[in-house]
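Here's the structure, in structure tokens; my notes come after.
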Amino acid sequence: MREPGFWYPARRGTVPAVARLLAPAGYVYGVAGRMKRRMTKPERAAVPVVCIGNITAGGAGKTPVAMTVAERLAAKGERVHFLTRGYGGRERGPIRVDRAHHGAGDVGDEPLLLAAVAPTWVAADRPEGAAAAVRGGAGLLVMDDGFQNPSLAKDFSILVVDAAAGIGNGRLVPSGPLRERVDDALARANAIVLTGRGHAGDGIAARARARGIPVFNAIVRPPAPADLGDGPFLAFAGIGRPEKFFATLRELGAEVAETVSFADHHMYRESDAVRLLVRARELGARLITTEKDAARLSHAPAASARARLAGAVLTLPVRALVADIDTLMSLISDAVTRARRT
């Protein structure tokens, strides 16, 4: 889905008429979420659970943060497995992701990325997924998303917020981008990670600090110096905020001739692939996209335009580079130790 423009009005503090009209639906959405959390008794997994989530619908950078945290934990000797819902995939699980056999249509795009870092389990029922992961050898679970899912107890929860977008108009879905009220979310958060540059996230950061919740800043960048070669590039992306990807390319020095945006988790059709291939040829440009988009092009039929696009496109891998990462990992390690004691 594409984020409605009224979720993030150009002038801060303004509330478009359509957002006001949808406010009653947002109120119902919020009440339903609070009731579900109050009425659900979280199940405790047999291993510690670290949750990486966000407070808004759309891309805030939680998957790069989850991969960075998992890699750091694995470097400390933890047997890290990912647990995720697998948005956009048909599998309800529990199922362990196999990159050789599963495509984005099976398990979603994000699990395919996560599975390149650590064993990854897709499960609509999170406690069942956690149990399956433990049977599969997990010593610690990192949940990519699931902050609003009350079925599984978390030992440490990180809220990821886009510094440039913040919480938008501050209203609940569908009136705004919020998945729940800010105060409700902060009551369960152990840390905040602001991704990118900007000041729209300053408000929620200040509210977090007032509660004693530590706030960390991060940028999303390639894990190693990127050698993009010669441009120009035709950049395309179907993620929460494609403009963030395009901005990253320019900051890395890439010559971006043209950009094409698709809705988040867009499943590429033959017509999309043909359009991109033809336009790149017209521009004399190389094609470049995100890892998530490339995952949705995997397992395309060999003779299809999607397969030709997958073979022609350059992919930019990214991780979250968190300032003062050692302090964040120390907080997580302390929470993991406490969980194991109990």
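The values are calculated or read from the model by the stated rules, or taken from the named source; none is laboratory data. Here the structure is a predicted model, which is why all the values come from computation and not from measurement. Neighbour counts are summed over all protein chains in view; Cβ atoms, including those assigned to glycine, are modelled from backbone coordinates with ideal geometry. Just so you know, the surface numbers come from the protein's heavy atoms only, side chains and all, with ligands and any DNA or RNA stripped out. Shrake-Rupley method; radii C 1.70, N 1.55, O 1.52, S 1.80 Å.
Determine the per residue accessible area of the chain with all protein chains present and a 1.4 angstrom probe, expressed in square angstrom.
That works out to 45 Å² for each residue.
Which of the residue pairs 36/244; 62/154; 36/62; 154/244 have a Cα-Cα distance greater than 26 Å in the structure shown?
Details: 36/244 33 Å; 62/154 16 Å; 36/62 23 Å; 154/244 30 Å.
Flagged as over cut-off: 36/244; 154/244.
How large is ³J(HN,Hα) for each residue in the stretch 109-125, as worked out from phi by the Karplus curve 6.51 cos²θ - 1.76 cosθ + 1.60 (θ = phi - 60°), to whole Hz, x for Gly and Pro?
7, 4, x, 5, 5, 4, 5, 6, 9, 7, x, 10, 10, 9, 7, 5, 8
In Å, the Kirkwood hydrodynamic radius of the stretch 138-235 over pairs of distinct alpha carbons? Walk me through the numbers on the way to the answer.
Working: mean 1/r = 0.0643 Å⁻¹.
By the Kirkwood definition, the hydrodynamic radius is 15.5 Å.
How large is ³J(HN,Hα), in whole Hz, for each residue of the stretch 230-240 in order, when computed from phi with the Karplus curve 6.51 cos²θ - 1.76 cosθ + 1.60 and θ = phi - 60°, using x for Gly and Pro?
The phi angles translate into 7, x, x, 10, 9, 9, 9, 7, x, 10, x Hz.
Highest first, please rank the peptides 46-53, 128-135, 86-93 by the mean number of other Cβ atoms sitting within 10 Å of their residues.
46-53, 128-135, 86-93
Please report, in whole Å³, the volume per residue of the convex hull around the C-alpha atoms of the stretch 264-342. Can you show the working numbers first?
Working: hull volume 11.7 nm³, N = 79.
It is 149 Å³ per residue.
Which translational diffusion coefficient, to the nearest whole µm²/s, is obtained for the chain from the Stokes-Einstein equation, given a Kirkwood hydrodynamic radius over C-alpha pairs, 25 °C and 0.890 mPa s? Display every interim value, and only then the final one.
Working: Rh = 20.8 Å.
The estimated diffusion coefficient comes to 118 µm²/s.
In what sequence, highest mean first, do 25-31, 56-62 appear when ranked by Cβ atoms within 10 angstrom? Please report the intermediate quantities before stating the final value.
Working: 25-31: 14.6, 56-62: 24.1.
In descending order of packing, they fall as 56-62, 25-31.
What is the gain in length, in nm to one decimal, between residue 283 and residue 98 on full extension, counting 0.36 nm per residue of separation less the C-alpha to C-alpha distance?
Numbers: separation 185, 0.36 × 185 = 66.60 nm, distance 3.68 nm.
Residue separation times 0.36 nm, minus the Cα-Cα distance, leaves 62.9 nm.
Go through 219-231, 139-151, 111-123 and give me the packing order, highest mean Cβ count within 10 Å leading.
Peptide ranking by packing, descending: 111-123, 139-151, 219-231.
Output the Cα-based Rg and Dmax of the stretch 80-210 in Å, rounding Rg to one decimal and Dmax to a whole number.
16.1, 48
Would you pull out the residues with amide H under 5 Å of residue 194's amide H, same chain only if 5 or more places away, H placed 1.01 Å from N?
161, 216, 217, 218
Under a point spin-label approximation (7 Å from Cα along Cα-to-Cβ), what is the residue 247-residue 116 distance to one decimal in nm?
2.4 nm
Once you place label points 7 Å from the Cα toward the Cβ at residue 187 and residue 2, how far apart are they in nm?
3.7 nm
Based on alpha-carbon atoms only, what is the radius of gyration of the stretch 77-140 relative to the globular estimate 2.2 N^0.38 Å? List each step's numbers first, then the result.
Working: Rg = 10.5 Å, N = 64, 2.2 N^0.38 = 10.7 Å.
Against the empirical 2.2 N^0.38 Å value, I get 0.98 for the stretch 77-140.
Using the basic label-point model (7 angstrom from Cα toward the beta carbon), what is the residue 35 to residue 274 distance in nanometres?
4.9 nm
Around residue 286, which amide H atoms from residues at least 5 apart in sequence, or from another chain, sit under 5 Å from its own amide H, with H modelled in the peptide plane?
Counting only residues 5 or more places away or on other chains, the set is 233, 234.
Taking every pair of alpha-carbon atoms in the stretch 177-322, what share in percent sits in each 10 Å bin, from 0 to the bin with the longest distance?
10, 34, 28, 18, 9, 1
Calculate, in whole percent, how much of the Cα-Cα pair population of the stretch 233-310 lies beyond 19 Å.
Numbers: 947 of 3003 pairs.
Result: 32 percent of Cα pairs exceed 19 Å.
How high is the relative contact order of the chain? Use alpha-carbon pairs under 8 Å, at least six apart in sequence, and give a whole percent.
Numbers: 699 pairs, mean separation 71.8, N = 342.
After rounding, I find 21 percent.
Taking the Cα centre as origin and putting +1 on Lys and Arg beta-carbons and -1 on Asp and Glu beta-carbons, what dipole magnitude results for the stretch 109-178, to the nearest 20 debye? Walk me through the numbers before you get to the answer.
On the way: 4 positive and 8 negative charges, 35 e Å.
Using only the charged Cβ atoms, the result is roughly 160 debye.
Could you please state how large a percent of the accessible area of the chain is carbon and sulfur, counting protein chains only and using a 1.4 Å probe?
Working: 7940 of 15320 Å².
Ligands and nucleic acids excluded, carbon and sulfur give 52 percent.
In terms of modelled amide H atoms, which long-range or inter-chain residues lie less than 5 Å from the amide H of residue 260?
Distant-sequence amide H within range of residue 260: 235, 236, 237.
Binning every alpha carbon pair distance of the stretch 7-122 at 5 Å from zero, what are the percents per bin?
2, 9, 14, 16, 17, 15, 11, 9, 6, 2, 0
Pop out the ³J(HN,Hα) list for the stretch 158-174 in order, Karplus 6.51 cos²θ - 1.76 cosθ + 1.60 with θ = phi - 60°, rounded to Hz; leave Gly and Pro as x.
Working through the residues one at a time gives 10, 9, 9, 10, 6, 4, 7, 9, x, 10, x, 7, x, 10, 7, 3, x Hz.
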